[in-house]
């Protein structure tokens, strides 16, 4: 295959891979619009995302194994075709139930596209290019995951949520045509055609119950019977999977891969990076919309800074790797992600866009350096014919990392925001009680309204209406000589309400920011072990040099 055909083939695979991986995050920022369209709650609409991630996580290792056994090209094309058709069906769905069903099918298709794409790409280029190709693969992985909020915000603002799915149709068609014409079929030469049904069943059950438990943990409670029972079933299924894989002649997952310390440490580091990226995209997008009051487009454009920086540093990663080695380059990337999370903890409602963008640049540089280098080193430490199943394992760990990231950070934030809002209400009550303009009755009504509220929003018009109604009642039973004085008194209270309201709103925002700050700090601490695992995610450069000399 000449260089021109190699490039076209690589572009074809990247189109399918990028499209499928992008859809794991691109929908997140459009959920409020979807909830409004279907007139449903955010809890129900969240299954548009959950169904996709759940389906992908359940089948992703099976997909990689089937590709190795029965042909990567044909299953890749089938996956892209099914993904394209399900995207069309998602876009024309007129009920939430249908949309969730088609998103589930889309997630199943994505598992084949994402996991088969990597080994298919390696087959296009000479063996000596495999590390560089996998590093480039890591760059596109980071870019796709980080680009979701920005692309979702732009499409939603200028079109509507349906075009999130419609844009996949031309991309999918081009991908299929180029793949059929330019890419040859490939297999794992050591894999037989026998199907490990026991392995498929147990790993699918383990991934389903684990992923579902993580998705529902915040709602049901981490220590609830529901969550613990699902975790328990997942652990039992995983143990059975290991037993089956050790005894079966043709295991679905060769557990010998995990004998490589570099592969195991790299997979754990990739899991933590996937988790950490949710802090930089999901949590920060939530901050921009809820605290800064930005719309989806503005939030998406700001978050896109991380995507662009990630791509730039992904291209710079090979240069740095040649000087520092992949282990230190990856560790540096994870360290930058940790720093960015910690820096996010100092953001407030008064932070400028520049403040946020600078932090996103740090996060993007960390993502670009770590993701690109880490995937390259992981793949370089497995046999070429096992890249397919290794890709499935890596994508599974990354997916679980992102799902756990959303569940964990949302739980931490939700539990902390309850405490902070309670403290905010106490602070606001003290402010109202010390006010010298409001009479006692008005103070009691305002305090009662604030204490009864379930969130940080305090409606100015509602408070003014209460004062107006009270004024009308008092005036109706008062003599004409006292009415002017009464009107002046109530007018003063309304002016004082308008004056004090910004202070009250700012108090609630300040305490909300504290909840975000605490969550960002926790995410930074969670990422720290990733630095250690990154330092052992590849062989030492000295040993590699000795092998090359020998």
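Could you say whether any residue in region 224-232 is assigned to a helix (DSSP H, G or I), within 17 Å of residue 403 (Cα to Cα) and modelled with pLDDT under 85?
The answer is no, given that none of the residues of region 224-232 is assigned to a helix (DSSP H, G or I), within 17 Å of residue 403 (Cα to Cα) and modelled with pLDDT under 85.
Every residue in region 188-200 that is surrounded by fewer than 20 Cβ atoms within 10 Å (Cβ to Cβ) and over 27 Å from residue 23 (Cβ atoms), please.
Result: 189, 190, 192, 193, 194, 195, 197, 198.
Could you identify the single residue in 240, 214, 257 that is at pLDDT below 90, assigned to a helix (DSSP H, G or I), surrounded by fewer than 21 Cβ atoms within 10 Å (Cβ to Cβ) and at negative phi?
Exactly one residue qualifies, and that residue is 257.
Determine if region 508-518 includes at least one residue that is part of a helix (DSSP H, G or I), modelled with pLDDT of 70 or more, out of contact with any strand residue (DSSP E or B) (no Cβ under 7 Å at 6 or more places or on another chain) and farther than 30 Å from residue 366 by Cβ.
yes
Considering only region 268-282, I want to know if a residue exists there that is within 30 Å of residue 65 (Cβ to Cβ) and free of Cβ contacts under 8 Å to residues at least 60 places away in the same chain.
No, that holds for no residue.
For the structure I just gave you, tell me whether residue 81 is farther than 17 Å from residue 174 by Cα and modelled with pLDDT of 90 or more.
No, not satisfied.
Among the residues in region 395-409, are any more than 15 Å from the chain's Cα centre (by Cα) and either surrounded by 17 or more Cβ atoms within 10 Å (Cβ to Cβ) or outside the structural domain of residue 492 (by TED's automatic domain parsing) (or both)?
no
Can you go through 339, 273, 319, 303 and tell me which one is more than 30 Å from residue 158 (Cα to Cα), assigned by TED's automatic domain parsing to the domain that holds residue 511 and surrounded by 22 or more Cβ atoms within 10 Å (Cβ to Cβ)?
Going through 339, 273, 319, 303 in turn, just one is more than 30 Å from residue 158 (Cα to Cα), assigned by TED's automatic domain parsing to the domain that holds residue 511 and surrounded by 22 or more Cβ atoms within 10 Å (Cβ to Cβ): 273.
Are any residues in region 436-467 modelled with pLDDT of 70 or more and over 28 Å from residue 290 (Cβ atoms), and if so, which ones?
Within region 436-467, 436, 437, 438, 439, 440, 441, 442, 443, 444 qualify.
The values are calculated or read from the model by the stated rules, or taken from the named source; none is laboratory data. Given the structure is predicted, the values throughout are model-derived calculations rather than measurements. Ideal geometry is used to build each Cβ from the backbone, glycine not excepted, and the neighbour counts take in all protein chains shown.
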